[in-house]
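Report on one structure; see the data block that follows.
Please treat every number below as a calculation from the coordinates, not as lab data. Quick caveat, the model's predicted, so the values are computed rather than measured. Note that each Cβ is placed from the backbone with ideal geometry, even for glycine, and that neighbours are counted across all protein chains shown.
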Amino acid sequence: MHRAYVLLKFRHTPGQAVPIQETLEAIRAIPGVKEAYALFGDIDGIVHVEAANPKLLTAIIQQIGAISAIERTDTRIVVPS
């Protein structure tokens, strides 16, 4: 099993609230996403992803990044022990 943690930065549009809960629900609906949470601080959210192979892991991360409310992602792949 391949695992990663994806750090999220939400797209902030002046005068509009970020649809945090709707965005997290959309992320949680992606197969392979195990957990997704909003955070306080410089990083807006974190997602735990698991996949059977690196290619699938990459595809899941790309799906997360394609969500319109996501400005950017920063991925940390877990090193197997």
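Couplings for segment 51-67, taken from phi via the Karplus curve 6.51 cos²θ - 1.76 cosθ + 1.60 with θ = phi - 60°, read 8, 6, 8, x, 5, 5, 4, 4, 5, 5, 4, 5, 4, 4, x, 7, 5 Hz in order; Gly and Pro are left as x.
Taking chymotrypsin sites (Phe, Trp or Tyr not before Pro) across the chain, the ones in a DSSP loop with at most 11 further Cβ atoms lying within 10 angstrom of their Cβ are F40.
Among the listed values [x] 13.9; [y] 17.5; [z] 12.8, the one matching Kirkwood radius over Cα pairs in Å as calculated from this structure is [z]. Summarising the label geometry, the points placed 7 Å from Cα in the beta-carbon direction at E25 and V78 lie 2.8 nm from one another.
Taking amide H as placed 1.01 Å from N in the peptide plane, the amide H of F10 sits under 5 Å from that of D44, E71, each at least 5 places away or on another chain.
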